[in-house]
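Step one of this worksheet: look at the structure below.
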Amino acid sequence: MKRERLDKVLANMGIGTRKEVKQLVKQKLVVVDGTVATDPGMHVVPEEQEISVDGEPINYKRWLYIMLNKPPGVVSATEDNLHETVVDLLPYEWAIKVFPVGRLDIDTEGLLLLTNDGQLSHNLLSPKKKVDKEYFARIQGRVTETHVQEFARGVELEDFTTLPAKLEVLSSGEISEIRVTIMEGKFHQVKRMFVAFDLEVIYLQRIRMGPIRLDESLKPGEYRELTDEEMEFLKAYTQKEGPAQS
């Protein structure tokens, strides 16, 4: 395990700035393994040692993996001058550490993963991995079996032709409801695929990314950490050269 400075560990957990942490140590409010810390620069192994601040134990985690049900009107970024960001929805001690894995459009809802694990994020976003993303959508216009076949062949857009996509029609009418699974995640891709057939996406929600499915108990704006089982599925999935065959 990696040894780190005590003040850095506590600052990274949102306890305070490095300067504020030094004051806490000076006030004898920081305890490591039952002994009052006297040096903010002492090296600790936070995963293995018991650390408390003002009597409250610190639950240290080096890596964070968070599932967020992104609401509309929030941008998939760590900072923005005009809009609320996805990290603004999180507790401060998480918000200062994580970043979104990819992005959802500002008006798109649903599953967004956030982490501080750069390697996992890279694997999920790498075109070589072909991580599939599943969406539920409402479409202005009638979606038919013809569209299903066209999506399966790949849709020709102005700047590229999409990989074959799986389109499932749940209901067809003036307003159609569909599920669609794509391999890429280009800007406005799902919307552009339907525009190519003169159809308009009026509601879009991501419900799955690779093996991780949106927890239906999470209301828009709510979040939770991934379970150990979800993490096992995710890491096994991203070690493959492409999506698992079902």
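Annotations for the structure displayed:
- In order along region 217-230, the Karplus-derived 3J(HN,Hα) couplings, from 6.51 cos²θ - 1.76 cosθ + 1.60 at θ = phi - 60°, round to 7, 7, 6, x, x, 8, 8, 7, 6, 5, 6, 4, 5, 4 Hz, and Gly and Pro are given as x.
- Within region 108-246, percent of DSSP bridges classed antiparallel, to nearest 5: 90
- Sequentially through region 192-202, phi angles give Karplus couplings (6.51, -1.76, 1.60; θ = phi - 60°) of 5, 5, 6, 4, 4, 10, 6, 10, 10, 7, 9 Hz, Gly and Pro residues having no value and appearing as x.
- Bridges between two residues of the chain, per DSSP, are antiparallel at a rate of about 90%.
- Taken about its Cα centre, the chain carries a charge dipole of about 640 debye when Lys and Arg each add +1 at the Cβ and Asp and Glu each add -1 at the Cβ.
- Between Asp198 and Gln239, the contour length at 0.36 nm per residue exceeds the alpha carbon distance by 10.9 nm.
- Listed by chain and number, the aspartates and glutamates whose C-alpha is less than 15 Å from the C-alpha of Lys19, apart from same-chain residues fewer than 8 away, are Asp7, Asp39.
- Measuring nothing but protein heavy atoms, the accessible surface of the chain at 1.4 Å probe radius is 48 percent carbon and sulfur.
- Distance violations [Cα-Cα > 26 Å] among Lys130/Lys219; Lys128/Lys191; Lys22/Lys70; Lys2/Lys186: Lys130/Lys219; Lys22/Lys70; Lys2/Lys186
- Per-residue 3J(HN,Hα) values for region 138-146, derived from phi via the Karplus relation 6.51 cos²θ - 1.76 cosθ + 1.60 with θ = phi - 60°, read 10, 10, 6, x, 8, 9, 10, 4, 4 Hz in sequence order (x marks Gly and Pro).
- Shape call, region 10-49: gyration tensor on alpha carbons, a/c limit 1.5: oblate
- Alpha carbon centroid spacing (whole Å) that separates region 1-67 from region 84-156: 35
- Shape call, region 173-236: gyration tensor on alpha carbons, a/c limit 1.5: prolate
The values are calculated or read from the model by the stated rules, or taken from the named source; none is laboratory data. Everything numeric here is computed off the predicted structure, so don't read it as measured data. Cβ: placed from backbone, ideal geometry, glycine included. Neighbour counts: every protein chain shown. Ligands, DNA and RNA are excluded from the accessible area calculation, which covers all protein heavy atoms including side chains. Shrake-Rupley method; radii C 1.70, N 1.55, O 1.52, S 1.80 Å.
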